[in-house]
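Notes follow the structure.
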Amino acid sequence: MIRVFIFFTGILILLAGFSKIIMAQENPVAQVFQKNIFLTDIKPSEDELKIVEQNYPSLSKEEMFNMAISEKLSTLIWTPIMEEFSKDHDVEPTLEELQSFAKSINAERSQGNELSMNEIYRPFVKTWKVSKALYAEYGGTVIFQQANPLEPVGAYRKLLEKYEAQGDFKIYDKEINKLFWQYYTRKHPMEVPPTEIDYSKPWWLKNSRENN
């Protein structure tokens, strides 16, 4: 009987330990528009870590892992927020804008692949239109990025703070919260001087033949 008791006691202890692990995995680390985000949702894959390593080879393994987590969480939070923002702002690319982008990069387009090429260009054009709308509404710091020469990081932060204050998104884990906000709060080296911030014309037209 004593052996049976010890055996079942051991089983109960193991089950209690597994229960804590399962509960930790099931507790959300964040929430956006009432949708929970779990640790498994933002855990980076090996391929995602390799991409970070290729782009940032000087980072430590821990820094790469943290960056990958932050990027996945940012995508999960930003996607629905941008959907909400787009409802009240004219940020969808027009056919004319897509064609002007294609022309500016000297893209060869045939009638057969025009639709697919437009879908490739769409994110670039939409990013600029979103940036323009955000800066017009919130202002703030603008930085140079190769894929987005006028990235309104200050406006990003203000928009996120607005949605956070409204309770539309929350990050429960303190360390993950710190990782998430780091990009929007740190000092950026490629800050654009206020006198050079100009959204009057798309960046791809400023130095193209269409601007002459």
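We did not get these values from a lab; they are worked out from the coordinates using the rules stated. Predicted model, so just to flag it, every value in this text is computed and none were measured. In this analysis, Cβ positions are derived from the backbone assuming ideal geometry, glycine residues included, and neighbour counts consider all displayed protein chains.
At a glance:
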| quantity | calculated |
| --- | --- |
| Neighbour-count ranking [beta-carbon atoms within 10 angstrom, fewest first] of 198, 168 | 198, 168 |
| Residues of segment 114-154 with amide N under 14 Å of the 7 Å Cα→Cβ point at residue 51 | none |
| Backbone HN-Hα couplings from phi across segment 79-96 [Karplus 6.51/-1.76/1.60, Hz, Gly and Pro as x] | 4, x, 5, 5, 4, 5, 4, 5, 5, 10, 9, 7, 10, 7, x, 8, 4, 4 |
| Spin-label model distance (nm) - residue 43 vs residue 94, 7 Å beyond Cα toward Cβ | 4.8 nm |
| Proximal lysines to residue 201, defined as alpha-carbon separation beneath 19 angstrom and excluding residues fewer than eight positions away on the same chain | 103, 126, 129, 132 |
| Principal axis dimensions, segment 26-211 - Cα atoms, whole angstrom, descending | 52, 35, 33 |
| Sites residue 84 and residue 26, calculated FRET efficiency, Cβ-Cβ separation with R0 45 Å, nearest 0.05 | 0.95 |
| Using distinct alpha-carbon pairs, which all enter the 1/r mean, Kirkwood radius of segment 134-198 in Å | 12.8 Å |
| Partners for residue 174 among lysines (Cα-Cα distance below 27 Å; same-chain residues under 8 apart left out) | 20, 35, 43, 50, 61, 72, 158, 162, 187 |
| Exposure proxy order (Cβ contacts within 10 Å, fewest to most) of 41, 47 | 47, 41 |
| Relative contact order (%) - segment 26-211, alpha-carbon pairs under 8 angstrom, separation at least six | 25 percent |
| Efficiency of FRET between residue 174 and residue 35 - r from beta-carbon atoms, R0 22 angstrom, step 0.05 | 0.60 |
